[in-house]
Amino acid sequence: MIMTQDEVLKLKSAFLYILNKQQSIDILHLFKILYFADREHLAKYGRRIINDSFCAMPNGPVPSYLYDTIKFKNGTLDKPEYFDELKFKTILNSFKTGEDDAYYYIFPNENPDMDELSISDIDCLERAITQYKDFNFNEISTLSHDSAWQKAWDRRKSSKINSLDIAEAGGANDDFLEYIKETEEFASCLL
């Protein structure tokens, strides 16, 4: 996945927002809170908070760019070829991982750039943090196996989850799904 510098900065701010609220968080909770916030925002406002591709993994949706960044940081992945060095360092230096058995825990090295997040972004992130932070591993994993995850998983394990399916799983009605589809088609023409 190729992300623009602006998309990387927005992703960084959203995930640092969660990290700073929690001070430390395991990657499963981080990913699910991001997913639930992004799903709600897409279904309510017609746009995503982050532009990372969520993939259907066994324990639920995973933002692929962020996951690869974390795996690189903790030494379980070589640098992916699609990482732009400058963009990659933008996120890489903003957090640290735990040591030894705790390497799936993430800690912030800096505060989020609040100018990157809209009021609606923050509202959805806050709701997701409050609602899901205390769920245990199995509960939050199971809850994230929504209809969007299921469609992608049935298509091919570890495949990208379609944003229209995410919006539908978040409660968007047919008219709003059509609006999202048209908006995405228009945006793809501009690239």
Cα-based Rg and Dmax for the range 20-69, in Å, come out at 11.1, 30
Residue-ordered couplings for the range 14-21, obtained by feeding phi - 60° into the Karplus form 6.51 cos²θ - 1.76 cosθ + 1.60 and rounding to whole Hz (Gly and Pro as x), are 5, 6, 5, 4, 5, 4, 5, 5
For the pair residue 185 and residue 76, the simple spin-label estimate (label points 7 Å beyond Cα toward Cβ) gives in nm 4.0 nm
Cross-link reach from residue 21 to aspartates and glutamates, straight Cα distance under 20 Å and at least 8 residues apart if same chain, gives 38, 40, 110, 113, 115, 116, 121, 123, 126, 134
Labelled set (i) 229; (ii) 122; (iii) 142; volume of the Cα convex hull per residue in Å³ computed from this model equals the value at (ii)
Beyond 28 Å (Cα-Cα) in this structure, taken from 96/181; 32/181; 79/133; 71/181; 10/181, we find 96/181; 79/133; 71/181
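On full extension of the chain, what length is gained from residue 162 through residue 150, given 0.36 nm per residue of separation minus the C-alpha to C-alpha distance? Could you put the intermediate results ahead of the total?
Numbers: separation 12, 0.36 × 12 = 4.32 nm, distance 1.09 nm.
Result: 3.2 nm gained on full extension.
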Averaged per residue, the 1.4 Å probe accessible area of the chain, protein heavy atoms only, in Å², is roughly 51 Å²
Taking N as the residue count of the range 97-144, its alpha carbon Rg divided by 2.2 N^0.38 Å gives 1.46
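The values are calculated or read from the model by the stated rules, or taken from the named source; none is laboratory data. Nothing here was measured: the structure is a model prediction, and the numbers come from that model. When we count neighbours, we look across all protein chains shown, and the Cβ atoms used for this are built from the backbone with ideal geometry, even at glycine. Note: areas computed on protein heavy atoms with side chains; ligands, DNA, RNA excluded. Shrake-Rupley method; radii C 1.70, N 1.55, O 1.52, S 1.80 Å.
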